[in-house]
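Q: Dropping a structure here in structure tokens format, bear with me for questions.
The values are calculated or read from the model by the stated rules, or taken from the named source; none is laboratory data. Computed from a predicted model, the values in this text were never measured in an experiment. Here the Cβ is made from the backbone with ideal geometry for all residues, glycine too, and neighbour counts use every protein chain on show.
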Amino acid sequence: MKTILLIILLLNACIKHFEVMTEYKEDFKIDKINIYYMAPLSADKLIIIGNSHNDLEINSGQRLFIVNKNSKEILFESKPVESAYEGNLYQVIIKNHKLILWEIKNEFFSDLKLFKLSNSKFIYIGDFEVALDIRDKYIEDFSYPVKEIEIEESDNFIHFKFMKDLTLYPFQENPIKIEPNSLIYELDLINDNLKIKQ
């Protein structure tokens with residue numbers, strides 16, 4: 001019995017979750033960005049949700065920026081996301097990789113965009129194309145809760161498990177209903193490829 005409990009404890013110790021990134025409270029302005037939210041990414045870098053002063057109406061929307069805190073140089077700028085009214089940033093550190101999840105709230109859904117910081121290189125990995133069960137008529141917000149994503153590492157892979165009923169590809173013509181704990185996204189740390197594990 002003690003052996004079984006020890007195995008369960010060890011397995012649970014290997015499971016991680018995304019944590020909310022602490023907001024950067026110091027006064028920081030940059031001429032090129034309207035800042036909505038920012039958090040420290042490393043000792044000399046900030047991660048910022050905002051929009052560009054140069055955005056035209058056809059190219060406007062929230063963006064994710066990485067900025068050098070000292071020189072104010074923009075090191076990374078994502079594509080704009082339209083119709084977003086709120087954004088949250090989450091992180092988890094696995095091995096030498098910091099994974100950032102940008103939750104972009106829309107009216108009824110959230111986009112979940114995954115990024116990776118490794119060896120001072122910040123890259124966009126891909127999207128988790130999930131929502132809560134869209135056939136549930138009692139739900140008003142179908143955003144998948146970030147706290148219900150479990151993260152496990154395995155050799156050169158990171159697995160993301162989704163612990164609630166969900167809809168895969170909610171914006172496509174034929175969305176797929178998925179049972180809890182049966183969908184796994186797999187991130188290959190060698191080539192930074194994110195895919196659904198079969």
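Q: So, ASP155, is that one over 17 Å from LYS16 (Cα atoms), surrounded by fewer than 17 Cβ atoms within 10 Å (Cβ to Cβ) and of a type in the set (Asp, Glu) or not?
A: Against the criterion (over 17 Å from LYS16 (Cα atoms), surrounded by fewer than 17 Cβ atoms within 10 Å (Cβ to Cβ) and of a type in the set (Asp, Glu)), ASP155 does not qualify.
Q: Scan the stretch 137-153 and give yes if some residue there is of a type in the set (Gly, Ala, Ser) and within 17 Å of the chain's Cα centre (by Cα), otherwise no.
A: yes
Q: Here are some conditions: (1) among the small types (Gly, Ala, Ser); (2) under 14 Å from MET21 (Cβ atoms); (3) modelled with pLDDT under 90. ALA39 meets all but one. Which one does it not meet?
A: Only one criterion is unmet by ALA39, namely (3).
Q: Same structure, new question: Filter the stretch 20-54 for residues that are exposed (fewer than 15 other Cβ atoms within 10 Å of the Cβ) and either charged (D, E, K, R) or at positive phi (or both) and give the result.
A: GLU23, LYS25, GLU26, ASP27, LYS29, ASP31, LYS32, ASP44
Q: Let me ask something else. Which one of these does SER182 not meet: (1) without any contact (Cβ under 8 Å) to a residue 24 or more places away in the chain; (2) of a type in the set (Gly, Ala, Ser); (3) buried (at least 16 other Cβ atoms within 10 Å of the Cβ)?
A: (3)
Q: How many residues, within the stretch 158-179, are among the aromatic types (Phe, Trp, Tyr) and either in contact with a Lys or Arg (Cβ under 8 Å, 6 or more places away or on another chain) or surrounded by fewer than 15 Cβ atoms within 10 Å (Cβ to Cβ) (or both)?
A: 2
Q: To continue, here is another question. Hey, could you check the stretch 11-32 for residues that are β-branched (Val, Ile, Thr) and within 21 Å of SER120 (Cβ to Cβ) and say which is nearest to the chain's Cα centre (by Cα)?
A: Restricting to residues being β-branched (Val, Ile, Thr) and within 21 Å of SER120 (Cβ to Cβ), the top hit is THR22.
Q: Within the stretch 158-183, which residues are among the hydrophobic types (A, V, I, L, M, F, W, C), farther than 15 Å from LYS116 by Cβ and under 15 Å from the mean Cα position of the chain (by Cα)?
A: PHE162
Q: Out of the residues in the stretch 97-129 meeting the condition of being at pLDDT 85 or above, in contact with a Ser or Thr (Cβ under 7 Å, 6 or more places away or on another chain) and over 16 Å from GLU19 (Cα atoms), tell me which one is surrounded by the most Cβ atoms within 10 Å (Cβ to Cβ).
A: In this case the residue turns out to be SER110.
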